[in-house]
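Chemist: Just passing along the structure, written as structure tokens.
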Amino acid sequence: MNQLFIDQFDALLEKYTELLLGKSSPELKEKVKIWALYSHIAKSMPALGKHWNELYPDAKEQMKEIISEIKRLNEEERAKTKKP
């Protein structure tokens, strides 16, 4: 991969984070990236996700926190944009 592609993909991730959560920061972008990849793995290879959860219970708890935070921030953003 070349640097131009990496920069362009980073811009996509930044905009996605902003639209999803109403704001973007390096930390939020990283959480969204982790959340998106984990969600994809859990759906496409559930046995792998289950194995990882069992192998790393502390990481599973941290993942649950990330998922909860993203869900909360998304719900707050949607509530703001739905108001007249």
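Chemist: Which helices (runs of 4 or more DSSP H) does the chain wholly contain that include 2 or more residues that are at pLDDT below 95 and exposed (fewer than 11 other Cβ atoms within 10 Å of the Cβ)? If you could, list the steps in order and put the result at the bottom.
Modeler: Numbers: elements: 3-21, 26-44, 46-55, 57-82.
Passing ranges, in order: 57-82.
Chemist: Same structure again: Does Lys50 count as basic (Lys, Arg) and within 12 Å of the chain's Cα centre (by Cα)? I'd like the intermediate steps shown before the answer.
Modeler: Details: basic (Lys, Arg): yes; within 12 Å of the chain's Cα centre (by Cα): no.
Against the criterion (basic (Lys, Arg) and within 12 Å of the chain's Cα centre (by Cα)), Lys50 does not qualify.
Chemist: Also: Among the residues of the range 37-84 satisfying the criterion of being among the polar types (S, T, N, Q) and touching a helix residue (DSSP H, G or I) at 6+ places or on another chain (Cβ under 7 Å), which is farthest from Leu20 (Cα to Cα)? Even if it seems obvious, please write down each step before you answer.
Modeler: As a first pass, look at the range 37-84 and keep what is among the polar types (S, T, N, Q): 39, 44, 53, 62, 68, 74, 81.
Okay, now just the ones that are also touching a helix residue (DSSP H, G or I) at 6+ places or on another chain (Cβ under 7 Å), so 53, 74.
Details: Asn53: 26, Asn74: 6 Å.
Selected residue: Asn53.
Chemist: For residues that are among the polar types (S, T, N, Q) and under 12 Å from the mean Cα position of the chain (by Cα), scanning just the range 1-47, find the one that is nearest to Glu61 (Cα to Cα). If you could, list the steps in order and put the result at the bottom.
Modeler: Applying the first criterion (among the polar types (S, T, N, Q)) to the range 1-47 yields 2-3, 8, 17, 24-25, 39, 44.
Cutting the leftovers down to under 12 Å from the mean Cα position of the chain (by Cα) gives us 17, 24, 39.
Details: Thr17: 22, Ser24: 23, Ser39: 15 Å.
Filtering the range 1-47 for residues that are among the polar types (S, T, N, Q) and under 12 Å from the mean Cα position of the chain (by Cα), the one nearest to Glu61 (Cα to Cα) comes out as Ser39.
The values are calculated or read from the model by the stated rules, or taken from the named source; none is laboratory data. These numbers were taken from a predicted model, which means no experiment stands behind them. All Cβ positions, glycine included, derive from the backbone under ideal geometry; neighbour counts span all protein chains shown.
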